[in-house]
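Please treat every number below as a calculation from the coordinates, not as lab data. Please read these numbers as outputs of a predicted model, since none were measured by experiment. Positions of Cβ are backbone-derived with ideal geometry, glycine not excepted, and every protein chain shown enters the neighbour counts.
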Amino acid sequence: EGATANFSARVGWRKDTLFVGVEATDNQLLAGDLITLTLSFPDAGPTASGYTYRFAFDGQRTSPPESGTPPFAQKLVNAAVHRQGDTLSVVALVPVRALPRFPAVAPLVMDLCITYEDQDQVGAKTVPVSNCTGGTTMVGEALRLPDEARKNLKLKPPASVTGLEAAPTGWLGWGILPYPEWAQGDASLNPASLRALVALEPAGRTTGRYGAHREESLCRRGSMRLRRRASDGALRGVGEDGAAGARVAGRHLCAGSRQFHRTG
């Protein structure tokens, strides 16, 4: 109601990229007119949220902090924008690493909410036109990405992981709790890179981006496990390959390993 615009859209997937094409028609295109894409996977777990990407006639716009869309993901998105008369066309290429958290095993059913924020006068309040109710819930049949989108990543998280999410330097695996249960780096992990990957707080603090962290952890290099010693609460390496354990703000990992797995 009150909108003087409409749009049509097409969606496709090729190799490791989601393609979204949107063509909006507006009787008066202004700088405040925006095309917003909000992606989410309803089956990615109870703590999963979506990502939002925004576009205008001058290209991609920065998503607001409250959208929860990380800057690294926004930089991965490419878009071609074309304005002609009263028509604004956007073709956005969203690689798999710029997708929000998606199911680790369940089908890759995805909600894609496209919203055109119509502003008819400079400074006036925008009027949204969307394929979703409330801008977040799709009307009609949901989309499903091919299973190959996940298989081609060749990730092997433990069975407790129900959701996978890209990070700037690797991947995070999530369960039912509000912090990662598993992580895999693009390269071998060390204390500094693990801390950056899972955004751990400095030593002495117990909460961070993902809430409370348990100190007991498991990491793998060969057959090595790091476990809590019952007598004094310290952690020690248990294994036959001689892998070295490194302390990271009250947690441990195996030096040279690409994976980190939390237990307890």
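Put a dot 7 Å past each Cα toward the Cβ at residue 43 and residue 9; how far apart are the dots in nm?
Reported label-point gap for residue 9 and residue 43 is 2.1 nm.
Pull up the cross-link candidates among the lysines for residue 154, meaning alpha carbon to alpha carbon under 25 Å and not fewer than 8 places away within one chain.
15, 75
Which percent of Cα-Cα pairs in the range 14-96 sits in each 10 Å bin, short to long?
Each 10 Å bin holds this share of Cα pairs: 16, 47, 29, 8, 0.
Report the one residue of 36, 72, 25 whose Cα lies farthest in the direction of the positive end of the charge dipole of the range 1-99 (charges on C-beta: Lys and Arg +1, Asp and Glu -1; origin at the Cα centre).
Going by the Cα projections, it comes out as 72.
For the ranges 17-29, 108-120, what's the packing order if you count other beta-carbon atoms within 10 Å of each residue, average per peptide, and put the highest first?
108-120, 17-29
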